[in-house]
1. Has the range 97-118 got any residue that is out of contact with any Pro (no Cβ under 8 Å at 6 or more places or on another chain), within 26 Å of P19 (Cβ to Cβ) and surrounded by 16 or more Cβ atoms within 10 Å (Cβ to Cβ)?
2. Please work out which residue is modelled with the lowest pLDDT, limiting yourself to the range 1-21 and to residues that are of a type in the set (V, I, T) and out of contact with any Cys (no Cβ under 7 Å at 6 or more places or on another chain).
3. So, in the range 32-48, exactly how many residues are modelled with pLDDT under 90 and either in a loop (DSSP other than H, G, I, E, B) or among the hydroxyl-bearing types (S, T, Y) (or both)?
4. Could you grab the pairs with beta carbons closer than 6 Å, sequence gap of 6+ or different chains, first residue in the range 116-140 and in contact (Cβ under 8 Å) with a residue 24 or more places away in the chain, second one in a helix (DSSP H, G or I) and of a type in the set (D, E, K, R)?
5. Just the residues that are among the acidic types (D, E) and not in a loop (DSSP other than H, G, I, E, B), please, taken from the range 56-99.
6. Residues of the range 70-89 being at pLDDT 80 or above and within 13 Å of A116 (Cα to Cα), which ones?
7. Quick one: in the range 75-108, which of the residues that are more than 20 Å from C64 (Cα to Cα) and among the aromatic types (F, W, Y) is farthest from the chain's Cα centre (by Cα)?
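The values are calculated or read from the model by the stated rules, or taken from the named source; none is laboratory data. Everything numeric in this text was worked out from a predicted model, so none of it was measured. Positions of Cβ are backbone-derived with ideal geometry, glycine not excepted, and every protein chain shown enters the neighbour counts.
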Amino acid sequence: IPGLAVNISGRSFGEPTLPQYIADELRRHSVSPQRLLVELTETSAVSDLHDAQRFIEALRQAGCGVSLDDFGTGFSSFAYLKYLQVDSVKIDGLFIRNLPSDYDNQLFVKAIVSVARGLRRTTIAECVEDEETLEMLKAFGVDCVQGYFFEKPRSDHPLLVTSTRGRAERRTSGA
C-alpha cells in the first residue's frame, strides 16, 4: 500500500518532463517510488486520452502507482479502465457518502469492486467518515480507504515537495 497519494491535475499530462521530475525528486529524497500513488481524475484523464496514456505509462515505468480518481462520475467510466492502464480505481465520494442507508450506492460500489477485481485493479474508497461505512466497504471487498475518519488531507507531510519557482524544496519543521 502506498504511503503517500498525490493528486495531479489534467493540465500536467501535457508536461512531458513531469514523470521524470517526480522520479528524480523521489530518488533525491531517498523515497521508494512504490510509496507514491499518483491520482488522476477521471474527467481530466479522458479529456486527452493519448496524453493520459503516455503520462500513466511514464509514471508506471518510474515505479509509481497510478490511480483513476473520482471513478464512476463519468458517463463511460468502465470503458476507460480498458484504455488507461492504471493500478487502481478510486471510487468517488458520491457513492460512499450515505452508503449504509443508500441501497443504490451499495449496488454501484459492489459493481465497481467486482469489475476492478476482474481487471486486476485495486480499489480505493474516498470520503470514509464513520465506522459503519468502513465496515460496509470491508465487507464489499474494497482494498483501501481514505477519509476524515482517519485523517484530514495535509499539505505539511514531510514527503511532499513544494514549488514556488519550479524547483522543489523539502519541508522541514522549525525552519
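1. Yes: one or more hits.
2. Step one: filter the range 1-21 for residues of a type in the set (V, I, T), giving 1, 6, 8, 17.
From what's left, out of contact with any Cys (no Cβ under 7 Å at 6 or more places or on another chain): 6, 8, 17.
On the way: V6: 88, I8: 84, T17: 90.
Only one residue tops the list, namely I8.
3. Result for the range 32-48: 5.
4. Taking only residues 6 or more apart or on different chains, the pairs are F140/K110.
5. At the first step, the residues of the range 56-99 found to be among the acidic types (D, E) are 57, 69-70, 87, 92.
Once the filter is applied, which keeps residues that are among the acidic types (D, E) and not in a loop (DSSP other than H, G, I, E, B), the range 56-99 yields E57, D69, D70.
6. Our first condition is that a residue be at pLDDT 80 or above; within the range 70-89, this holds for 81-89.
Scanning the range 70-89 gives L81, K82, L84, Q85, V86, D87, S88, V89.
7. Filtering the range 75-108 for residues more than 20 Å from C64 (Cα to Cα) gives 75-79, 92-108.
Filter again for among the aromatic types (F, W, Y), leaving 75, 78, 95, 103, 108.
Values: F75: 19, F78: 16, F95: 16, Y103: 25, F108: 19 Å.
Filtering first and then ranking leaves Y103.
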